[in-house]
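To start, the structure under review is shown below, and the notes come after it.
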Amino acid sequence: MQVFPCPFCGPRNETEFHFAAEAGKVRPDTTQQIGDADWATYLHAQRNEKGTVREVWMHMTCAELFILERDSVTMDVLGSTALRKDAT
Amino acid sequence: MSGLRLESGGQIDRKRWLSFTFDGKAYSGFAGDTLASALLANGVRIVGRSFKYHRPRGVWSSWVDDPNAIMTVRLGDRELPNVSAATTLLEDGMELRAVNAWPNARYDVKGGLDLFHRFLGAGFYYKTFIWPDWHLFEPAIRKMAGLGPVNADVYDDYVSDQLNASCDTLVVGGGPAGLVAARTAAERGEAVWLVEDHASLGGSAAMLGHIDGTDHAAWVQAQEQAIEVADGRILKQTTAYGIYDHAMVGLLEKRGFAQPPRRYRLRAGRIIMATGALDRPITFGNNDLPGIMSLQGAADFMARYGVLPARKMIVMANNAAADQACAVLDQAGADLRHFAPSKTMSGFGSRGVEGVSIDGYKRTANAVLVSGGLTPLVHLWRHAGGKLDWCETRQAFLPGYGPKNMQAIGAANGTFEVDKAIAEGTAAGKGLSFERPSTSYTLTPLWPQPGSKGRQWIDFQHDVTLKDVEVAARENYVSVEHLKRYTTLGMAADQGKTANMAGLAAMATIQGRPIPEVGTTTFRPPFVPVPIEAFHGHHGKQLWHPVKRLPLEAEHRVMNGALREYGGWLRPGWYGNDDAELHIQAEALLARQTVALFDGSSLGKIAVMGPDAEAFVNFVYYNTIKTLKPGEMRYGLMLTERGIVKDDGVIARLGPDHFLISCSSSHTDSVRTHLEAWRQDGNDPDRIFIHDETQSWATLTVTGPRARDVVASLGLPLDIGAAALPHMTFQETQWNDHPLRIARVSFTGDLSFEISVPARQAPALWAVLHPSIKDHGGGLLGIEALSILRAEKGYIMIGKDTDGETMPHDLGFTVPRAKKTAAYLGDRSLHTAVANAPGRKQLVGLKVADGGAMIPTGAHIVLPGKSSSQGYVTSSYDSPYLGHPIALAIVTDGARRHGEAVEAWHDNRRLPVTICAPCVFDPTGEKLHA
Ligand SMILES: [Zn+2]
């Protein structure tokens, strides 16, 4: 059982968290023309990197999203930051 | 005769007699015995049968490496299956039954199976499953497979405690190295936990005369006292069965047969692994005969329980560690005959071993003790992600590159000499790193010889022989992971503790590769079998999934509400406790004829507020919301970014910057987090606020032709006429000195009012509306009857009448897709090739012929006489108001097939049905707008 640090609540068991998305994905402006391939990339393509990853997680008990940096091989947690405008 | 108890020696209490039975026969043992030591002391040689061939099996070893002695045990009115005889303490009055043996272990009628062994070789199950037809074999295999039947009794009081704990230093294993490590760390002021799976500390110390010049028992006692004085915590009968992510250690503490084991989730700052080592079998002909045992196991039986397997025994060993074990047995008066293992040797005997023929000479004995070399127990090291290195000297895998904050010491580290092990314990206790010392341990490599004659057993419980490994190699199952699954090698209850090294060494020899290149299979938790109850514990029923409760639960109970769980809420399915279907039909009919009262408090109520609220709700809804005026409501769909319908419901605009989203009762939590995710990611969270007020409000719905008359009885200070309060509008007012919201919104298709008050006002509201309903000839409406009414109207339930592919235009909601210009969730996905393709499943109604029966939900829609599915029935009811069955379905291109005759196919029955519009009640909406 991993322990993740919520920037608001501190270290908690992983069962309190939900993975939301890989960080850095930007929703295309859908009022403009978007090719099928670009949209499919946005929806489905995941980097799924080996090593250091940056992900968006939600702490379900406080409902706050944050960026979790961790190592996908060693499972080490490298840090977490709030996903507020001023924080990103 | 075989098996005897000595007058002295061991750690048992000879003053406390315990009586027990095995396969119906009475025996006795002593306090401190395990089931296995007691059976051995009573001369019981056959303790079970193997899994596949039903070969007789004797006790192989004294602890977790025994694959053979698996019992069903009864004590009092409690019976547990799959009990390991070697690791379970004997209690007075226990009734033991051998598993996989009928009528008992000595006379197994299935023993005849063994004659057919050539048909049951490696890959038997795989080959049987494909040729010629698995079903021919299934009944017989099912009958034979498994390790005993599970008792059908339910023990409600057998509930495992689960504890979360933490410490600075965890020491796993209470042998000499672990004791010293725990003592050293504790005396340095660290919070130390020491876990030992035996009932007493000491480990291999019991086999040593003296440690540090002190008698071994006194030495162990001194360490134990020192640890306790230093505030260390010692848990006996406790196994560290696994290390999980972020070094969470699973501990299982046995507490006797009557009490369920206790499970700890322990987080330790550092872990010292002092788990010891096990002896390996030697692979030779008939090496599975009862009476052929592990040498180290036999010495352990003597040292701990004062039991000798027999007086006259042959010893065959290839390693230096055998000397110590033999000394223990010698001292106990055993008559040991030593022979060097040879390639051509073979055991003989009928009911058990009677000797070994070596190089053509028959050597007789009552038991044969073998030792093929020590295998360090490195399971936890691997669980935690540590690497293993092959040691040529020790012919074993040793802990290599380690996980953070973890050290291996003593025999687990390949350090088999006690003085060196203690030195490692001291270093590790101080938190120092150290180099593995050189070893005086030597052995002559002795691995299975492929091509040898006779049946040579590698996995005793699962009957995997050397030939099976050869067959697997021949059929190209050469990876050890494939070998394991193809032959079931290492998949027995001991999880390969005896079999794996021999199996992979055999594969290495067959292929001419070095052992480290062949490698090991993955070490996965648990190290020993852990009862499922330990994971279940109190996580059941209400404690696992607490239901949400209505503010009016007491009122529903008074009215005989049949309270059931619906979408996480405890809600009245119907009222009345005898014939459910009768009540449901009557409620649905009365609601249509006069008026009914329904508790809608569980409907989600999520407020969205703030300066960016309008843009936000316009984005998260498929429908255009920004044109909604305060006081108005709109039905809308929420989509996922993939364009799939996620939820539906009504959104009300309470003010310019204030919206209230009413979502499905069962979807409230997921809608809330969905909204939160989009609020925080891509928006300024300081300009939008989301608040789930579902539980703060109670909602009662009055529906039916006479609904307005009932609502009038509240005497609200507002006009509730159709002109002043039209469909899809609401008003806020005060009632009983509290806020009240009245909305014209309908899930039945009839004139309906939803009246919401603060949850604590619910009983007062009920106290007025409920009598008024009765006065107007109406009644109560449960959720089951409501489901009929909404289906008559063609109103869907998301997730029931839709599936994971349903898009809004499949439900007939096409306008936003064509016209909405602002960006919204899922918008682009509604214009992909898949979204535009013909053949999408679309919502329809189904009509049956006059007098036709109800259509089963889930029935497939097929063309008459054909079998390929064109969709399926999602909702089906008898409509008391219409007097015939109704149904909703999603059907390929259904929207343009109204009037087409098809069939509903279910369970080999075909019902003729006609596709129609989903709405069969008040299609023009006159009643709705009344
Ligand atoms: Zn939090």
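The values are calculated or read from the model by the stated rules, or taken from the named source; none is laboratory data. As the structure is a prediction and not an experimental result, all values here were calculated from the model. Cβ coordinates were reconstructed from backbone atoms using ideal geometry, including for glycine residues, and neighbour counts include every protein chain displayed. Remember, those area values only see protein heavy atoms, side chains included, never the ligands or the DNA or RNA. Shrake-Rupley method; radii C 1.70, N 1.55, O 1.52, S 1.80 Å.
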Pair list, Cβ under 8 Å, 6 or more apart: region A:30-49 residue among the basic types (Lys, Arg), other residue outside any loop (DSSP other than H, G, I, E, B): A:ARG47/A:GLU22; A:ARG47/A:VAL53
Residue within region B:298-313 that is outside the structural domain of B:ASP33 (by TED's automatic domain parsing), aromatic (Phe, Trp, Tyr) and within 44 Å of the chain's Cα centre (by Cα) present: no
Could you please find all residues in region B:294-320 being open to solvent by less than 20 Å² (accessible area, probe 1.4 Å) and either without any contact (Cβ under 8 Å) to a residue 40 or more places away in the chain or among the aliphatic types (A, V, I, L, M) (or both)? B:LEU295, B:ALA298, B:ALA299, B:MET302, B:ALA303, B:VAL307, B:LEU308, B:ALA310, B:MET313, B:ILE314, B:VAL315, B:MET316
Please work out which one of (1) within 13 Å of chain A (Cβ to nearest Cβ); (2) not in a loop (DSSP other than H, G, I, E, B) is the condition B:ARG634 fails and give its number. (1)
Region A:1-32 - residue that is in contact with a Phe, Trp or Tyr (Cβ under 7 Å, 6 or more places away or on another chain) and near the ligand (Cβ under 9 Å from one of its atoms) and, of those, nearest to B:SER829 (Cα to Cα): A:PHE17
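Just to verify a result, which residue in region A:5-32, among those that are among the polar types (S, T, N, Q) and either in a strand (DSSP E or B) or more than 10 Å from every other protein chain (Cβ to nearest Cβ) (or both), is least open to solvent (accessible area, probe 1.4 Å)?
Kept after step one, since they are among the polar types (S, T, N, Q), are these residues of region A:5-32: A:13, A:15, A:30-32.
Retained after the next criterion (residues that are either in a strand (DSSP E or B) or more than 10 Å from every other protein chain (Cβ to nearest Cβ) (or both)): A:13, A:15.
Working: A:ASN13: 57, A:THR15: 106 Å².
Once the filter is applied, the top-ranked residue is A:ASN13.
What residue, of B:ILE584, B:ILE644, B:ILE625, is at pLDDT 95 or above and within 14 Å of chain A (Cβ to nearest Cβ)? Steps first, answer last, please.
Working: B:ILE584 fails: within 14 Å of chain A (Cβ to nearest Cβ); B:ILE625 fails: within 14 Å of chain A (Cβ to nearest Cβ).
Matching residue, one of B:ILE584, B:ILE644, B:ILE625: B:ILE644.
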Cβ pairs under 9 Å, 6+ apart or interchain, first in region B:210-222 and closer than 18 Å to B:ALA327 by Cβ, second among the polar types (S, T, N, Q), ordered by first then second residue, are B:ALA217/B:GLN11
Quickly run through region A:38-54 and pick out the residues that are within 12 Å of another protein chain (Cβ to nearest Cβ) and open to solvent by less than 70 Å² (accessible area, probe 1.4 Å). A:TRP39, A:ALA40, A:TYR42, A:LEU43
Do you know which of the residues in region B:577-586 that are surrounded by fewer than 18 Cβ atoms within 10 Å (Cβ to Cβ) and not charged (D, E, K, R) is farthest from B:LYS541 (Cα to Cα)? B:ALA586
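If I filter region B:867-881 down to residues being more than 37 Å from the chain's Cα centre (by Cα) and modelled with pLDDT of 95 or more, which single residue comes out as most open to solvent (accessible area, probe 1.4 Å)? Before the answer, list the steps.
Restricting attention to region B:867-881, the residues satisfying the condition of being more than 37 Å from the chain's Cα centre (by Cα) are B:867, B:878-881.
Filter once more, so that each one left must be modelled with pLDDT of 95 or more: B:878-881.
Values: B:ASP878: 67, B:SER879: 4, B:PRO880: 32, B:TYR881: 87 Å².
Top of the filtered list is B:TYR881.
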Return only the number of the condition from (1) within 27 Å of B:GLY778 (Cβ to Cβ); (2) open to solvent by 50 Å² or more (accessible area, probe 1.4 Å) that B:VAL711 does not satisfy. (2)
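Does B:THR832 meet the test of being within 14 Å of chain A (Cβ to nearest Cβ) and either hydrophobic (A, V, I, L, M, F, W, C) or more than 20 Å from B:ILE584 (Cβ to Cβ) (or both)? Write out each step before concluding.
Working: within 14 Å of chain A (Cβ to nearest Cβ): yes; either hydrophobic (A, V, I, L, M, F, W, C) or more than 20 Å from B:ILE584 (Cβ to Cβ) (or both): yes.
The answer is yes for B:THR832.
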Can you tell me how many residues within region B:613-644 are over 22 Å from B:SER752 (Cβ atoms) and open to solvent by 40 Å² or more (accessible area, probe 1.4 Å)? 7
Somewhere in region B:375-389, is a residue acidic (Asp, Glu) and open to solvent by less than 50 Å² (accessible area, probe 1.4 Å)? no
Within region A:64-82, does at least one residue satisfy the condition of being at the interface with chain B (Cβ under 10 Å from one of its Cβ atoms) and in a helix (DSSP H, G or I)? no
Selection over region B:255-272 where residues are in a loop (DSSP other than H, G, I, E, B) and either in contact (Cβ under 8 Å) with a residue 24 or more places away in the chain or among the hydrophobic types (A, V, I, L, M, F, W, C) (or both) yields a count of 5
So A:MET75 ticks every box in (1) within 16 Å of the ligand (Cβ to nearest atom); (2) touching an Asp or Glu at 6+ places or on another chain (Cβ under 8 Å) but one. Which box is left unticked? (1)
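Within region B:648-691, take every residue that is of a type in the set (Val, Ile, Thr) and within 14 Å of chain A (Cβ to nearest Cβ) and give me the one that is surrounded by the most Cβ atoms within 10 Å (Cβ to Cβ). Steps first, answer last, please.
Here is the first cut: in region B:648-691, the residues of a type in the set (Val, Ile, Thr) are B:650-651, B:661, B:668, B:671, B:673, B:688, B:690.
Subset that is within 14 Å of chain A (Cβ to nearest Cβ): B:668, B:671, B:673, B:688, B:690.
Numbers: B:THR668: 26, B:VAL671: 21, B:THR673: 18, B:ILE688: 23, B:ILE690: 22.
Ranking the qualifying residues of region B:648-691, first place goes to B:THR668.
Modelled with pLDDT under 95 and in a loop (DSSP other than H, G, I, E, B) - does that describe any residue in region B:807-817? Step through it out loud before you land on a result.
Narrowing region B:807-817 to residues modelled with pLDDT under 95: none.
No, because not a single residue in region B:807-817 is modelled with pLDDT under 95 and in a loop (DSSP other than H, G, I, E, B).
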A:SER80 of a type in the set (Ser, Thr, Tyr) and within 13 Å of the ligand (Cβ to nearest atom): yes
